[in-house]
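Q: Have a look at this one before I ask anything.
Just so you know, all these numbers are worked out from the coordinates, no wet-lab data involved. Everything quoted here is computed from the prediction, not taken from an experiment. Counting neighbours? That spans all protein chains shown, and the Cβs are built from the backbone with ideal geometry, glycine included.
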Amino acid sequence: MVAVNKYVLGASMVGTVFGASVLIKDYVGGGQCPSKVKIEGKTVIVTGANTGIGKETALELARRGGRIIMACRDMGKCENAAREIRGTTLNHKVFAKHLDLASMKSIKEFAKSILQEEEHIDVLVNNAAIMRCPHWKTDDGFEMQFGVNHLGHFLLTNLLLDRLKESGQSRIINVSSLAYIAGDIDFDDLNWEKKKYNTKAAYCQSKLANVLFTNELAKRLQGTGVTANSLHPGVADTELGRHTGMHQSTFSSSVLAPIFWFLIKSPRQAAQPSVYLAVAEELQGTSGKYFNGLKEKEAAKQALDEKTAKKLWEESAKLVHLDEALQECKV
């Protein structure tokens with residue numbers, strides 16, 4: 001009898017500790033999207049949706065009944081993820097579509113296809129990103145992080161902008177990072193052709209560009225009914241950090257694992273801000289804002305500089321030959 005009581009007590013304590021740990025992790029993770037709104041009849045595009053935050057964003061929006069277009073470079077992984085989401089949600093309006101943000105040709109092909117096939121676009125989640133990779137170049141010769149994280153989404157958004165406007169009260173969500181605070185836009189060397197390459201600085205520049213782009217876009221969208229906001233999803237356990245060495249570190253994966261479990265968000269937790277900005281009724285009309293998790297925060301000074309934002313837009317338009325691209329994608 002004593003042994004049984006000890007067993008029951010031990011099991012109870014384990015259960016209590018585990019339950020408390022889960023609650024603490026949920027609290028640290030920033031909570032769940034408070035809105036329960038369904039989005040039947042709405043079309044959502046999520047870039048980088050085959051894994052991590054993008055996949056969880058697509059999954060949650062599919063649960064809410066949306067028509068989900070998962071835009072990814074790796075079609076094998078994308079098809080598998082789309083199949084999994086369809087099976088989990090029983091929403092059969094989940095589609096995989098090829099998009100390589102490191103290729104202007106691919107972006108234009110994707111945009112033209114969307115404009116031909118989709119009558120409306122209600123939500124565009126610019127989620128895909130690459131972080132601290134080696135000094136790689138995109139197909140068009142741009143530094144990879146600036147090219148994918150900023151220029152790729154800049155071009156994509158502009159090519160879809162008329163359809164977003166036509167759809168009425170559409171939302172554009174740009175997933176940035178708290179790393180933008182350490183960013184600096186070097187207009188003399190945006191593509192790291194003159195100075196020694198620094199993977200961290202390049203990433204921070206691209207994430208600052210996300211916020212500046214969002215703010216300038218919001219200004220240009222005033223009066224259209226379309227909103228644009230940026231966000232920091234939180235530090236999450238995803239494949240984004242594949243180039244940082246953290247995943248390969250024995251010390252990180254063993255000694256620091258319990259601490260990381262508490263402090264680092266799961267992809268599902270990190271997807272909640274994107275979901276919130278996509279569906280919350282109380283955010284209708286909110287534009288040009290920066291969110292840290294589920295809370296609106298004032299962005300850092302360098303991200304609020306209107307002259308820098310305008311110049312970045314103009315330079316980006318030149319780099320991607322925006323006027324020519326818009327003509328090519330007319331349908």
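Q: Could you list, in sequence order, the residues of region 298-317 that are within 24 Å of the chain's Cα centre (by Cα) and either among the charged types (D, E, K, R) or within 14 Å of L156 (Cα to Cα) (or both)?
A: Correct list: E298, K301, D305, E306, K310, K311, W313, E314, E315, S316, A317.
Table: residues versus (1) in contact with a Ser or Thr (Cβ under 7 Å, 6 or more places away or on another chain); (2) surrounded by 14 or more Cβ atoms within 10 Å (Cβ to Cβ).
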position	(1), (2)
S274	yes, yes
L277	no, yes
K289	no, yes
N292	no, yes
D305	no, yes
T308	no, yes
W313	no, yes
D323	no, no
C329	no, yes
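Residues are listed down the side, and each one gets a yes or a no for (1) within 21 Å of V275 (Cα to Cα); (2) surrounded by 20 or more Cβ atoms within 10 Å (Cβ to Cβ):
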{"residue": "H153", "(1), (2)": "yes, yes"}
{"residue": "N174", "(1), (2)": "yes, yes"}
{"residue": "L178", "(1), (2)": "yes, no"}
{"residue": "A201", "(1), (2)": "no, no"}
{"residue": "A218", "(1), (2)": "yes, yes"}
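Q: While we're here: Whether any residue in region 174-184 is over 26 Å from K330 (Cα atoms), in contact with a His (Cβ under 7 Å, 6 or more places away or on another chain) and not hydroxyl-bearing (S, T, Y) is what I want to check.
A: Among the residues of region 174-184, at least one is over 26 Å from K330 (Cα atoms), in contact with a His (Cβ under 7 Å, 6 or more places away or on another chain) and not hydroxyl-bearing (S, T, Y), which makes the answer yes.
Q: Continuing with this model, one more query. Just give me the residues in region 71-96 being assigned to a loop (DSSP other than H, G, I, E, B) and of a type in the set (S, T, N, Q), in sequence order.
A: Across region 71-96, the qualifying residue is only N91.
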